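Trainee: Here it is: the structure, laid out below.
The values are calculated or read from the model by the stated rules, or taken from the named source; none is laboratory data. All figures in this text were calculated on a predicted structure; none of them were measured in a lab. Note: ideal-geometry Cβ built from the backbone for every residue, glycine included; neighbour counts use all protein chains shown.
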Amino acid sequence: MLLERFGRLLQSRGHELGLKPAQWEALRYLGRANRFSRTPSGLTAYLGSTKGTVSQTLIALEDKGLVRKKADRDDRRAVRLELTAAGRRALEADPLLELEASLDVLGRREEVALDQALTSVLAGHLERTGGRPFGLCRTCRYFEKNATDGGPHRCSLLEVKLSADDSEQICVEQEA
Ligand code: SF4
């Protein structure tokens, strides 16, 4: 019930700032996802939504100039998504940041305990419902830290070099 209340407050603040909840969620995802995951299908899997709903969300964000679609360099039939400069600025005013600031009432120990508790609840929920974790790249079983032919790191699943920035992003293929 508490999570629902937080969710409602967040949505209401998000509406005041001119975007619907799904639009904020898509912007946040595109701000955190790695280049392999910034696709309509990656976003659909992350949101647990339908292709049609996500398509409407992306059209709205493109119309507002916050997101743009690009053809993939290697596969011209594939579409990649990226935030525009206006999209990145919009995220700087994300109402979620206000909520995070409210965590200041907690001490460091309480904050870590809350993070661990929510992580466990989420992991249990995903296991029961079969959802993808979308965890950080550096925590993935395919992540090779400082690989000999890396950049400096490497992904053994996709067989690509990974930068330090890549390692801190979330990925649709991530497996703990
Ligand atoms: S190492 Fe894992 S999380 Fe990182 S790019 Fe490869 S599959 Fe994705």
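Trainee: Within segment 101-111, identify whether any single residue is more than 16 Å from the ligand (Cβ to nearest atom), farther than 21 Å from TYR29 by Cα, assigned to a loop (DSSP other than H, G, I, E, B) and not small (Gly, Ala, Ser), and answer yes or no.
Mentor: Pass one, segment 101-111, residues more than 16 Å from the ligand (Cβ to nearest atom): 101-111.
Narrowing further to those that are farther than 21 Å from TYR29 by Cα: 102-111.
Going one step further and asking which of them are assigned to a loop (DSSP other than H, G, I, E, B), we end up with 106-107.
If we keep only those that are not small (Gly, Ala, Ser) too, we end up with 106.
Yes, there is a match, as at least one residue in segment 101-111 is more than 16 Å from the ligand (Cβ to nearest atom), farther than 21 Å from TYR29 by Cα, assigned to a loop (DSSP other than H, G, I, E, B) and not small (Gly, Ala, Ser).
Trainee: Output the residues belonging to segment 12-41 that are basic (Lys, Arg), under 12 Å from the mean Cα position of the chain (by Cα) and closer than 18 Å to LYS64 by Cα. Full working, then the answer.
Mentor: Kept after step one, since they are basic (Lys, Arg), are these residues of segment 12-41: 13, 20, 28, 32, 35, 38.
In the following step, the residues that additionally are under 12 Å from the mean Cα position of the chain (by Cα) were identified as 28, 32, 35, 38.
Passing the criteria: only ARG28.
Trainee: While we're here: I'd like to know if segment 81-101 contains one or more residues that are over 27 Å from PRO21 (Cα atoms), more than 18 Å from the chain's Cα centre (by Cα) and exposed (fewer than 15 other Cβ atoms within 10 Å of the Cβ). It would help to see each step written out before you state the result.
Mentor: Taking segment 81-101 as the starting set, the residues that turn out to be over 27 Å from PRO21 (Cα atoms) are none.
No; the residues of segment 81-101 include none that is over 27 Å from PRO21 (Cα atoms), more than 18 Å from the chain's Cα centre (by Cα) and exposed (fewer than 15 other Cβ atoms within 10 Å of the Cβ).
Trainee: Name the residues in segment 16-39 that are closer than 16 Å to THR84 by Cβ, among the aromatic types (Phe, Trp, Tyr) and within 16 Å of the ligand (Cβ to nearest atom), would you?
Mentor: Scanning segment 16-39 gives a single hit, TYR29.
Trainee: Pick from GLU159, GLU175, GLU127, GLU168: which is closer than 18 Å to ARG32 by Cα and at pLDDT below 95?
Mentor: Values: GLU159 fails: closer than 18 Å to ARG32 by Cα; GLU127 fails: closer than 18 Å to ARG32 by Cα; GLU168 fails: at pLDDT below 95.
Of GLU159, GLU175, GLU127, GLU168, the one residue that is closer than 18 Å to ARG32 by Cα and at pLDDT below 95 is GLU175.
Trainee: For segment 115-168, name all the residues that are assigned to a helix (DSSP H, G or I), charged (D, E, K, R) and either loosely packed, with under 11 Cβ neighbours inside 10 Å or more than 16 Å from the ligand (Cβ to nearest atom) (or both).
Mentor: If we filter segment 115-168 for residues that are assigned to a helix (DSSP H, G or I), which is where we start, we get 115-129, 137-139, 164-167.
Of the ones still in play, those that are also charged (D, E, K, R) are 115, 127-128, 138, 165-166.
Of everything in segment 115-168, those that are assigned to a helix (DSSP H, G or I), charged (D, E, K, R) and either loosely packed, with under 11 Cβ neighbours inside 10 Å or more than 16 Å from the ligand (Cβ to nearest atom) (or both) turn out to be ASP115, GLU127, ARG128, ASP165.
Trainee: Only one of THR57, THR119, THR84 is modelled with pLDDT of 95 or more, of a type in the set (S, T, N, Q) and under 28 Å from HIS153 (Cα atoms). Can you tell me which?
Mentor: Numbers: THR57 fails: under 28 Å from HIS153 (Cα atoms); THR119 fails: modelled with pLDDT of 95 or more.
Just a single option satisfies the conditions, and that option is THR84.
Trainee: Of the conditions (1) more than 16 Å from the ligand (Cβ to nearest atom); (2) out of contact with any strand residue (DSSP E or B) (no Cβ under 9 Å at 6 or more places or on another chain), ASP74 satisfies every one except a single condition; which number is it?
Mentor: It is condition (1) that ASP74 fails.
Trainee: Could you tell me which residue of segment 2-43 is modelled with the highest pLDDT, considering only residues that are out of contact with any Leu (no Cβ under 9 Å at 6 or more places or on another chain) and outside any helix (DSSP H, G or I)?
Mentor: Here the answer is LYS20.
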